[in-house]
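Please read the structure below before turning to the comments.
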Amino acid sequence: MSTVTTPANFTELGLITPLLARLTELEYQQPTPIQAQAIPSVLAGRDLIAGANTGSGKTATFALPILQQIHEQADKTPSSKGNYVTALILVPTRELAKQVADSIKSYAVHFNGAIKTLAVFGGVSANTQMLALRGGTDILVATPGRLLDLISSNAIKLDKVKTLVLDEADRMLSLGFTEELSALLALTPKQKQILLFSATFPEQVKSLTQELLNNPVEIQVQSSDASTLVQRVFTVNKGEKTALLAHLIQLHQWRQALIFVNAKNNCEHLAEKLIKRGIRAEVFHGDKGQSERTRVLDGFKAGEIEVLIATDIAARGLDIEKLPVVINFNLPRSPSDYMHRIGRSGRAGEVGLALSLIDYEDYHHFKVIEKKNKIRLEREQVEGFEVDEIITDAILAANKPMAKPEGSGKKKRKKKPQVNADIWLKNS
Ligand code: AMP
């Protein structure tokens, strides 16, 4: 795979005026590396396999060429095509489906409604989606399960698909969409352009790529934004994490914070504890109804919700503008999810902060996360929350899995905790 560092400008990429005008309005000054590298090839009809970090601008990488192709084809194809789809974008989560469709609609404003874009996903009424699909759609963004349902009700057909995008392919496969994907692929024409995006390339994704793609252009982009995201890890005694979290939130007064936990009920428990400490927090997880998920996410994106506690359904793809901090209250099980979680902050060149709070039970797993992601972070302590025992690599090696250190656990704090000022100076 090639690595690109010098972006061209948008005009040089071969994009047409309605798109260029929109990019100017959106104040996109220059293409991101993945856009610079991929857009000309996608416009030329090539298959693409792209490894790009979250926040790299990959939505525009496929959306802009697809809009341009559809616009240019519109003159040549008759308008009445039944329940057709021209470009199909498969994504793993409902929120991502909505977000991607919203971005495409935004890029398309200067086509004045001539290009129809819809999102379909589970958790909401299928009837409304069926009605919207009447007469077909140029671009369909879908989660696999709901799309199969709509196909079996004859609401839509995939036999006219010209471009297929698999966004977050690794995530789709890890969420168990393998069978749905095969079923959907079998319904698309043999001759089509495929664009596959994946942050990581596990075996399943590699074999999917080999089966599906035809002489693809391969691009691996190192996000130029990586340096704007500061990662830190704070050690804390077990039983004191919530107090430390509340303290950090109150002290630092972040405009917003996204806090990751590992289970749906942990979201609720932690929210209750924070609320008792005077911090307004909302939760986002898979047991919430779709209207509640939409309300919370829209509220968070609009900046109305300041503290959001979420499971990993919020870890992938979501684009929250200028999110100042992501906090791992529980570590993610998979090292790649660590990268996805922290990628919610520091997007598109913004400065971001990713904090992980680890107690003695997390030490070993955090080392695994570091090793897999080829990072090594200094263990820091927050004044007033010092750990009872500093766990060194040597202790770790001798003690797998970690035994509970003497004296660890909930303890009464006498003085009001304070954060070492220079911890924050680096990030303020
Ligand atoms: P994505 O990786 O597609 O989720 O995009 C991340 C964020 O970057 C979104 O808010 C986009 O609007 C923004 N973005 C994408 N391309 C550019 C660009 N060339 N210049 C500035 N912002 C961009």
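The values are calculated or read from the model by the stated rules, or taken from the named source; none is laboratory data. Here the structure is a predicted model, which is why all the values come from computation and not from measurement. Neighbour counts are summed over all protein chains in view; Cβ atoms, including those assigned to glycine, are modelled from backbone coordinates with ideal geometry.
When only residues in the range 99-119 that are among the small types (Gly, Ala, Ser) and in a helix (DSSP H, G or I) count, which is surrounded by the fewest Cβ atoms within 10 Å (Cβ to Cβ)?
Restricting attention to the range 99-119, the residues satisfying the condition of being among the small types (Gly, Ala, Ser) are 101, 103, 106, 108, 113-114, 119.
Of the ones still in play, those that are also in a helix (DSSP H, G or I) are 101, 103, 106.
On the way: 101: 22, 103: 17, 106: 15.
Restricting to residues being among the small types (Gly, Ala, Ser) and in a helix (DSSP H, G or I), the top hit is 106.
When the residues of the range 11-40 are filtered to those that are modelled with pLDDT under 95, assigned to a loop (DSSP other than H, G, I, E, B) and surrounded by fewer than 20 Cβ atoms within 10 Å (Cβ to Cβ), which remaining residue is nearest to the ligand (Cβ to nearest atom)?
In this case the residue turns out to be 28.
If a residue has to be touching a helix residue (DSSP H, G or I) at 6+ places or on another chain (Cβ under 7 Å) and either aromatic (Phe, Trp, Tyr) or part of a loop (DSSP other than H, G, I, E, B) (or both) to count, how many in the range 144-156 make the cut?
Matching residues across the range 144-156 total 3.
Whether any residue in the range 107-125 is over 30 Å from residue 22 (Cα atoms) and of a type in the set (A, V, I, L, M, F, W, C) is what I want to check.
So far as the range 107-125 goes, yes, one or more of its residues are over 30 Å from residue 22 (Cα atoms) and of a type in the set (A, V, I, L, M, F, W, C).
Residue-by-condition table, conditions (1) outside any helix (DSSP H, G or I); (2) surrounded by fewer than 16 Cβ atoms within 10 Å (Cβ to Cβ):
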site: 176; (1), (2): yes, yes
site: 180; (1), (2): no, no
site: 185; (1), (2): no, no
site: 188; (1), (2): yes, no
site: 191; (1), (2): yes, yes
site: 204; (1), (2): no, yes
site: 215; (1), (2): yes, yes
site: 219; (1), (2): yes, no
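Please verify whether the range 369-385 includes one or more residues that are within 23 Å of the chain's Cα centre (by Cα), modelled with pLDDT under 85 and exposed (fewer than 14 other Cβ atoms within 10 Å of the Cβ).
Checked against the condition, which is being within 23 Å of the chain's Cα centre (by Cα), modelled with pLDDT under 85 and exposed (fewer than 14 other Cβ atoms within 10 Å of the Cβ), the range 369-385 yields at least one hit.
Is it the case that the range 91-108 has a residue that's away from the ligand (no atom under 16 Å from the Cβ) and either hydrophobic (A, V, I, L, M, F, W, C) or modelled with pLDDT of 95 or more (or both)?
No.
Cβ-Cβ under 9 Å, sequence separation 6+ or interchain: first residue in the range 315-335 and closer than 16 Å to residue 233 by Cα and polar (S, T, N, Q), partner surrounded by fewer than 19 Cβ atoms within 10 Å (Cβ to Cβ) and modelled with pLDDT of 75 or more. Which pairs?
Once the first residue is closer than 16 Å to residue 233 by Cα and polar (S, T, N, Q) and sits in the range 315-335, its partners that are surrounded by fewer than 19 Cβ atoms within 10 Å (Cβ to Cβ) and modelled with pLDDT of 75 or more give 330/262; 330/263; 330/266.
Residue under question is residue 255, and the condition is that it be part of a helix (DSSP H, G or I), surrounded by fewer than 17 Cβ atoms within 10 Å (Cβ to Cβ) and of a type in the set (Lys, Arg); does it hold?
No: the conditions fail for residue 255.
I'd like to verify a number: residues in the range 124-144 that are surrounded by 15 or more Cβ atoms within 10 Å (Cβ to Cβ) and in contact with a Gly (Cβ under 8 Å, 6 or more places away or on another chain), how many?
Residues flagged as surrounded by 15 or more Cβ atoms within 10 Å (Cβ to Cβ) and in contact with a Gly (Cβ under 8 Å, 6 or more places away or on another chain) within the range 124-144 amount to 2.
What about residue 63, is it at pLDDT 90 or above and within 12 Å of the ligand (Cβ to nearest atom)?
Answer is yes for this residue.
Between 51, 123, which is under 25 Å from the mean Cα position of the chain (by Cα), more than 16 Å from the ligand (Cβ to nearest atom) and modelled with pLDDT under 95? Outline the logic, then answer.
Working: 51 fails: more than 16 Å from the ligand (Cβ to nearest atom).
Sole residue among the options that is under 25 Å from the mean Cα position of the chain (by Cα), more than 16 Å from the ligand (Cβ to nearest atom) and modelled with pLDDT under 95: 123.
Would you mention how many residues in the range 123-161 are of a type in the set (D, E, K, R) and within 21 Å of residue 171 (Cβ to Cβ)?
Counting residues in the range 123-161 that are of a type in the set (D, E, K, R) and within 21 Å of residue 171 (Cβ to Cβ) gives 2.
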